[in-house]
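The values are calculated or read from the model by the stated rules, or taken from the named source; none is laboratory data. Predicted model, so just to flag it, every value in this text is computed and none were measured. Don't worry about glycine lacking a Cβ; one is built from the backbone with ideal geometry, like all the others, and counts go over all protein chains shown.
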Protein chains: 4
Amino acid sequence: MQMQTLRQQVLDANLELVRRGLVLYTFGNASGIDREQNLIAIKPSGVPYEKMTVEDIVITDMNGSVVEGKLRPSSDLDTHIEIYRRFPDAGGVAHTHSEFATAWAQARQPIPCFGTTHADYFHGPVPVTDALTPEEIATDYEKNTGLAITRLFDRLGSPNVPAALVVGHAPFCWGATPAEAAHNAVILESVARMAYYTVAIAGESFPLPHALRDKHFLRKHGSQAYYGQLGDKK
Amino acid sequence: MQMQTLRQQVLDANLELVRRGLVLYTFGNASGIDREQNLIAIKPSGVPYEKMTVEDIVITDMNGSVVEGKLRPSSDLDTHIEIYRRFPDAGGVAHTHSEFATAWAQARQPIPCFGTTHADYFHGPVPVTDALTPEEIATDYEKNTGLAITRLFDRLGSPNVPAALVVGHAPFCWGATPAEAAHNAVILESVARMAYYTVAIAGESFPLPHALRDKHFLRKHGSQAYYGQLGDKK
Amino acid sequence: MQMQTLRQQVLDANLELVRRGLVLYTFGNASGIDREQNLIAIKPSGVPYEKMTVEDIVITDMNGSVVEGKLRPSSDLDTHIEIYRRFPDAGGVAHTHSEFATAWAQARQPIPCFGTTHADYFHGPVPVTDALTPEEIATDYEKNTGLAITRLFDRLGSPNVPAALVVGHAPFCWGATPAEAAHNAVILESVARMAYYTVAIAGESFPLPHALRDKHFLRKHGSQAYYGQLGDKK
Amino acid sequence: MQMQTLRQQVLDANLELVRRGLVLYTFGNASGIDREQNLIAIKPSGVPYEKMTVEDIVITDMNGSVVEGKLRPSSDLDTHIEIYRRFPDAGGVAHTHSEFATAWAQARQPIPCFGTTHADYFHGPVPVTDALTPEEIATDYEKNTGLAITRLFDRLGSPNVPAALVVGHAPFCWGATPAEAAHNAVILESVARMAYYTVAIAGESFPLPHALRDKHFLRKHGSQAYYGQLGDKK
């Protein structure tokens with residue numbers, strides 16, 4: 001893939017987060033990866049979205065060193081890198097402080113799988129990391145944030161859930177492309193909002209039965225999927 | 001009715017769901033029926049609303065076989081069909097994952113009739129189906145979803161309530177036309193939201209007295225209706 | 001005042017309710033009164049706001065008989081009339097089903113005066129009426145709704161609060177002009193929303209001290225008011 | 001600085017509050033200070049935002065006397081003045097009745113520091129003042145409101161938190177410029193909203209560990225900051 005194409009995809013994914021109301025000011029960032037060249041394209045740090053152009057997107061290697069671009073990459077770059085290392089199918093990563101997903105992260109609770117909307121995208125609860133130690137915060141904080149996510153997925157047996165909540169912080173989502181990562185971030189916020197309302201109404205937690213969860217996840221994902229048009233990429 | 005007219009009505013109903021903020025991306029679907037020809041017009045599966053044209057609307061028969069159109073119908077088609085079979089006055093069906101109605105469905109609770117806004121449209125609580133069995137989920141899932149709704153209305157004595165919550169899933173609404181089905185979906189979400197707030201404020205449930213419920217429902221529906229202009233279709 | 005001027009004011013007040021997100025579809029209605037001629041101008045029943053013109057506004061006398069206009073007046077006209085009878089300073093009335101104010105009405109609770117925003121407009125809690133009897137619902141329902149409001153204010157000693165919640169129904173607001181009535185309806189919804197959040201955070205109720213309530217109310221109203229520009233009408 | 005420049009900055013900051021949905025009608029006000037001339041530029045009282053021009057911004061001295069401008073300054077001017085006196089680095093002040101921050105003020109509770117979004121801007125909880133006495137309300141109310149804020153910060157040891165909640169009233173924010181004060185007001189509302197959701201989900205309060213709070217605050221502020229582009233003003 002030409003890096004200019006990836007840059008454009010990453011810009012579009014970042015703007016999708018804005019259009020959907022997931023970010024305030026310069027919060028949030030989306031990136032994409034070229035797996036053949038091992039190059040990452042990511043939003044620059046602290047640049048207003050309304051002024052951002054495709055040339056502002058920064059290209060880095062897998063160590064976070066800038067390869068192309070005049071601006072500093074997002075300060076969360078090292079978290080993105082650890083996600084790319086851990087999930088070889090991830091082609092894009094999106095990070096927001098969307099308010100309901102963030103509230104679950106602040107409340108230190110996974111987002112339960114209460115319904116089919118959730119199960120259409122996330123095959124089980126969206127998990128929350130352990131707290132970082134003071135040492136992990138003091139040195140290589142952003143990298144350690146990524147490692148907290150990857151450790152979490154190791155411990156849980158790698159559920160088919162392209163999102164994690166970083167405790168006390170906010171969600172990270174990923175997907176096959178930058179667009180899909182941003183799409184998952186938008187869905188996550190809707191799912192987080194409905195889970196919030198569900199708990200408030202029910203006063204207790206009714207996880208979706210596994211048969212229904214599996215049905216919905218597999219209706220849209222995998223070889224038996226029958227949602228959408230023939231030939232759509234799942 | 002010409003199928004082109006029905007197609008246009010169905011497209012308009014689908015777009016109304018978008019305009020009112022009831023659907024995210026390709027979620028949700030509305031359909032209409034021509035009762036003389038027993039043909040259904042329904043949204044195609046997984047097509048973005050902003051690109052959808054009247055030609056994309058799919059025509060099927062009452063068994064769900066495509067009669068006209070190049071695209072696959074919504075994966076929820078079989079649920080719509082069961083609703084049309086059960087409610088002979090239904091000319092349109094709308095399905096969304098609107099967030100508050102969905103939260104009630106996820107909380108496994110009917111939406112109580114707390115006020116006159118609710119009673120203007122729904123003559124009693126909006127009921128919630130029983131859970132489907134694993135067998136019902138495994139085979140003919142969408143048809144069985146429709147049958148869960150029709151069984152529910154059989155059990156409740158067919159209340160004059162053009163909406164149901166499918167447990168753990170989301171609402172289905174219906175009406176005399178596709179436009180009215182979409183309209184009812186919009187009202188349902190507002191009513192679901194107000195019921196949520198009401199429970200949070202009151203800490204307990206005060207159903208609307210039946211005299212007031214009946215007054216409002218009959219003020220807008222039936223032979224004694226006096227809301228709106230003379231000659232308006234109720 | 002020329003009736004054409006009043007008609008325009010009433011149309012504008014109705015459209016303000018739409019612009020501020022207080023009404024869905026044809027819900028809600030605002031009216032104005034010419035005190036010299038004892039004529040009321042009110043929104044027609046069930047006409048979409050986007051098509052409403054100044055000619056659609058209906059003129060009635062104080063008995064609710066149409067004097068000018070081809071359309072039926074709002075079905076809530078008789079409630080407006082009772083409010084005009086009871087509050088001689090009222091030049092306009094606005095009725096909405098705005099969601100948080102309605103939720104308080106459905107929860108059968110007055111909106112407490114928790115803060116200065118409330119006290120800037122309402123000199124104490126926004127009260128809620130008693131339930132109507134089945135007889136009051138069966139005959140002259142809309143007139144009896146107005147009488148429930150006026151009885152409530154009689155009982156409470158006529159507080160300086162230009163709004164009431166009709167139990168299980170929704171709010172009615174009034175003001176010196178149709179614009180002010182609509183303005184008060186917008187503020188009421190914001191105040192209702194903040195009161196809802198306040199109770200959820202605090203878990204209990206802290207009414208604003210009377211000294212602060214009086215300070216804010218009198219800073220904007222009455223002979224000692226000093227908010228706004230000199231010469232502004234209070 | 002030329003006063004015309006400051007006037008423009010103050011107008012922009014006021015309009016930013018509107019654009020971000022923080023103010024209803026004429027609620028809210030932002031100001032800026034020229035520290036060399038000891039002159040304040042502030043929004044006029046009760047003027048609609050849509051009609052406000054740079055010429056309407058009022059210039060006053062530190063005693064609140066109008067130096068330039070034909071309109072009355074915001075009735076909250078004396079609160080702004082006390083904030084400028086107490087915080088010598090403040091170049092702008094913004095006051096809104098934004099709904100979630102106001103709800104915390106009405107609930108008489110500080111906004112806890114639950115997450116990194118909060119810690120990016122506020123180095124600890126956003127505190128709430130003590131209630132004013134009836135005497136403080138009766139005379140020099142707005143000045144006493146400012147003194148309640150400055151007393152609060154004296155008592156707390158001047159935390160690096162550019163915002164305070166006035167009990168039963170609403171938030172005041174400040175910053176190096178009028179734009180930054182308005183920016184902080186927008187962030188405060190988002191943080192207040194997420195804190196509200198967090199408490200509702202968790203049922204109890206998990207303050208962010210201090211190591212993480214400090215990391216995020218210092219990542220954006222002070223000499224070791226590494227967020228944004230080199231040369232950005234922190």
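Taking the range B:118-159 as the range and being part of a helix (DSSP H, G or I) and charged (D, E, K, R) as the test, the residues that pass are B:120, B:135, B:136, B:142, B:143, B:151, B:154, B:155.
Restricting C:206, C:172 to those that are away from chain D (no Cβ under 14 Å) and either crowded, with 16+ Cβ neighbours inside 10 Å or without any contact (Cβ under 8 Å) to a residue 60 or more places away in the chain (or both) reduces the list to C:172. Residue count for the range D:91-104 satisfying the condition of being more than 7 Å from every other protein chain (Cβ to nearest Cβ) and either at pLDDT below 95 or over 15 Å from residue D:197 (Cα atoms) (or both): 7. Would you be able to tell me the number of residues in the range A:175-194 that are more than 8 Å from chain B (Cβ to nearest Cβ) and closer than 16 Å to residue D:198 by Cα? Going through the range A:175-194 one residue at a time, the tally reaches 3. Let me confirm something: among A:102, A:116, which residue is touching a residue at least 24 places away in the same chain (Cβ under 8 Å), in contact with a Lys or Arg (Cβ under 9 Å, 6 or more places away or on another chain) and among the polar types (S, T, N, Q)? Just one listed residue meets the conditions, A:116.
Do you know which residues across the range A:107-125 are within 14 Å of chain D (Cβ to nearest Cβ) and in contact with a helix residue (DSSP H, G or I) (Cβ under 8 Å, 6 or more places away or on another chain)?
Step one: of the range A:107-125, the residues within 14 Å of chain D (Cβ to nearest Cβ) are A:107-112, A:114, A:125.
Scanning the range A:107-125 gives A:107, A:108, A:109, A:110, A:111, A:112, A:114.
Can you tell which of B:192, B:211, B:182 is assigned to a helix (DSSP H, G or I) and at pLDDT below 95? I'd like the intermediate steps shown before the answer.
Numbers: B:192 fails: at pLDDT below 95; B:182 fails: at pLDDT below 95.
Just a single option satisfies the conditions, and that option is B:211.
Residue B:127 meets all of the listed conditions (1) in contact (Cβ under 8 Å) with a residue 60 or more places away in the chain; (2) surrounded by 14 or more Cβ atoms within 10 Å (Cβ to Cβ) but one, namely (1).
If only residues of the range A:39-51 that are under 21 Å from the mean Cα position of the chain (by Cα) and of a type outside the set (Gly, Ala, Ser) are counted, the one that is farthest from residue A:28 (Cα to Cα) is A:39.
Report yes if some residue within the range C:140-148 is more than 14 Å from chain D (Cβ to nearest Cβ), farther than 22 Å from residue B:114 by Cα, within 15 Å of the chain's Cα centre (by Cα) and not aliphatic (A, V, I, L, M); otherwise report no. Taking every residue of the range C:140-148 in turn, none turns out to be more than 14 Å from chain D (Cβ to nearest Cβ), farther than 22 Å from residue B:114 by Cα, within 15 Å of the chain's Cα centre (by Cα) and not aliphatic (A, V, I, L, M). Can you tell me which residues in the range D:175-198 are of a type in the set (A, V, I, L, M, F, W, C), crowded, with 24+ Cβ neighbours inside 10 Å and over 11 Å from residue D:126 (Cβ atoms)? Correct list: D:181, D:182, D:185, D:194. Here residue B:128 clears all of (1) more than 9 Å from chain A (Cβ to nearest Cβ); (2) over 15 Å from the mean Cα position of the chain (by Cα); (3) within 30 Å of residue C:98 (Cα to Cα) except the condition numbered (2).
With respect to residue A:164, is the statement that it is aliphatic (A, V, I, L, M), touching a residue at least 24 places away in the same chain (Cβ under 8 Å) and either in a strand (DSSP E or B) or within 14 Å of chain D (Cβ to nearest Cβ) (or both) true? The answer is yes for residue A:164. Annotation: residue C:133 fulfils all but one of (1) crowded, with 24+ Cβ neighbours inside 10 Å; (2) within 9 Å of another protein chain (Cβ to nearest Cβ); the unmet one is (1). Close contacts from the range A:144-160, counting a first residue that is more than 14 Å from residue A:173 (Cα to Cα) and a second that is part of a helix (DSSP H, G or I), with Cβ to Cβ under 7 Å and a gap of 6+ residues or different chains, come to A:144/A:136; A:147/A:82.
Please verify whether residue D:65 is more than 12 Å from chain C (Cβ to nearest Cβ) and over 17 Å from residue D:9 (Cβ atoms), treating the condition exactly as stated. In short, yes.
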